[in-house]
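The values are calculated or read from the model by the stated rules, or taken from the named source; none is laboratory data. Remember, it's a predicted structure, so these values are computed and weren't measured experimentally. No Cβ is skipped: glycine too gets one built from the backbone with ideal geometry, and neighbour counts run over all protein chains shown. Ligands, DNA and RNA are stripped out before the accessible areas are found, and what is left, the full protein with its side chains, is counted by its heavy atoms. Shrake-Rupley method; radii C 1.70, N 1.55, O 1.52, S 1.80 Å.
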Amino acid sequence: MIERHARHWQTNEAMPDVLREKLNAASTWDQGFSTVEFIASAMVDLAFHEGPPPADPMQKQAELLEEIGMPQAIRMRHATPHFAHVFSGDGYASGYYSYMWSEVMDADAFAAFTEAGDPFDPETAAKLERYILSAGGSDEGEALYTAFRGRMPGVEALLEGRGLIES
């Protein structure tokens, strides 16, 4: 696929195989680290919304990270002092989780095109447009996504795209 688009601007030659392989190999570099640092922020964010606000947020953060076995070499992407916007009203409660969930849905939706054998598959695109892009709030999100995909999204496509599991 990339051969059609990654072409030399003067000669129109396709990107050399060696360079393409290096580019593909680098695409998942550091994804384990990035995923752990982001998930830690999401887990702390979720925990802060499970009950009354902690008296000492930094202490609560430390306890939560200890509880989940957070590696000392990795820090949270956004630590508790960055969460001010999270507590500014009900509209943002547990927002870090929703960011990751959006990535899961994005990867799973794109996997529908991969499974169809064509990233531009017209039938899959029509279903995406009908049930996701133009459906708005016409039905519950779960029902709309299931109508598009036949099931709710799974994390496999995200993990595969990050190089954390085999295809």
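Quick one: if the Förster radius is 25 Å, what FRET efficiency do W101 and D56 give, using the C-beta to C-beta distance and rounding to 0.05?
Calculated transfer efficiency: 0.30.
Among E156, E140, E3, what's the order by accessible area (1.4 angstrom probe), most exposed first?
E140, E156, E3
Under a plain spin-label model, where a point goes 7 Å from the Cα along Cα-to-Cβ, how far apart in nm are R7 and S134?
Between R7 and S134, the simple spin-label model gives 3.2 nm.
Please compute the length gained on full extension between A125 and V155, using 0.36 nm multiplied by the number of residues separating them and subtracting their Cα-Cα distance.
Result: 8.7 nm gained on full extension.
Kirkwood Rh, the chain, all Cα pairs: how many Å?
19.1 Å
What number, in percent, do you get for the relative contact order of the range 1-74 if the mean sequence gap of Cα pairs under 8 Å and at least 6 apart is divided by its residue count?
It rounds to 22 percent for the range 1-74.
Please work out the Cα center distance from the range 17-44 to the range 102-164, rounded to the nearest Å.
Distance between centres, Cα-based: 22 Å.
Accessible area per residue, 1.4 Å probe, Å², for the chain: what's the number?
Counting only protein heavy atoms, the per-residue value for the chain is 67 Å².
Quick one: among M76, M105, M15, which has the greatest mean-square fluctuation in a GNM of the chain with alpha-carbon springs under 10 angstrom?
Between M76, M105, M15, it is M15 that shows the largest mean-square fluctuation.
How large, in percent, is the carbon and sulfur part of the accessible surface of the chain at a probe radius of 1.4 Å?
56 percent
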